[in-house]
1. Among the listed residues P62, P38, P57, identify the single one that is in a loop (DSSP other than H, G, I, E, B) and closer than 17 Å to M1 by Cα.
2. Which count do you get for residues in region 23-62 that are of a type in the set (F, W, Y) and either in contact with a Leu (Cβ under 9 Å, 6 or more places away or on another chain) or over 22 Å from E10 (Cα atoms) (or both)?
3. Does V17 count as out of contact with any helix residue (DSSP H, G or I) (no Cβ under 6 Å at 6 or more places or on another chain) and surrounded by fewer than 13 Cβ atoms within 10 Å (Cβ to Cβ)?
4. Criterion first (part of a helix (DSSP H, G or I), at pLDDT 75 or above and not aromatic (F, W, Y)) does L46 satisfy it?
5. Of everything in region 49-71 that's modelled with pLDDT of 75 or more and of a type in the set (V, I, T), which residue is surrounded by the most Cβ atoms within 10 Å (Cβ to Cβ)?
6. If you scan region 20-35, which residues turn out to be assigned to a loop (DSSP other than H, G, I, E, B) and surrounded by fewer than 11 Cβ atoms within 10 Å (Cβ to Cβ)?
Amino acid sequence: MFVVYCAVCERRTLLGVDEVDWVENLTRGMISVSGRCPQGHDVVVLTGDAFTPHEDPRYFGPAPRVWTKPVARLRGWLRGRFELSRDLPGPFYRF
């Protein structure tokens, strides 16, 4: 299955095996898959190892780590107040 964008319908849809009309090897590592959207319009998908799509202009990288220092400070404060002791109390020891 391929996710394709139909410029006529202006929407993305799934292109299943039944809707694929033609598969062509353009160059080494670049494959063209031709088919039809559910409305019957022609769509083409470029795929393969050599194909590198353009970056999404809406993606601006990872979110800034605004909460890193406050969370580390809170973690240190909680660790100081609630230290875990893994030692057993005296009555639980068998001598």
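1. Numbers: P62 fails: closer than 17 Å to M1 by Cα; P57 fails: closer than 17 Å to M1 by Cα.
Just a single option satisfies the conditions, and that option is P38.
2. Result for region 23-62: 2.
3. Details: out of contact with any helix residue (DSSP H, G or I) (no Cβ under 6 Å at 6 or more places or on another chain): yes; surrounded by fewer than 13 Cβ atoms within 10 Å (Cβ to Cβ): yes.
Here the answer is yes, as V17 does meet what is asked.
4. Values: part of a helix (DSSP H, G or I): no; at pLDDT 75 or above: yes; not aromatic (F, W, Y): yes.
No, not satisfied.
5. Once the filter is applied, the top-ranked residue is V71.
6. So the first thing to find is which residues in region 20-35 are assigned to a loop (DSSP other than H, G, I, E, B), and the list is 28-29.
Selection gives R28 alone.
The values are calculated or read from the model by the stated rules, or taken from the named source; none is laboratory data. Everything numeric in this text was worked out from a predicted model, so none of it was measured. No Cβ is skipped: glycine too gets one built from the backbone with ideal geometry, and neighbour counts run over all protein chains shown.
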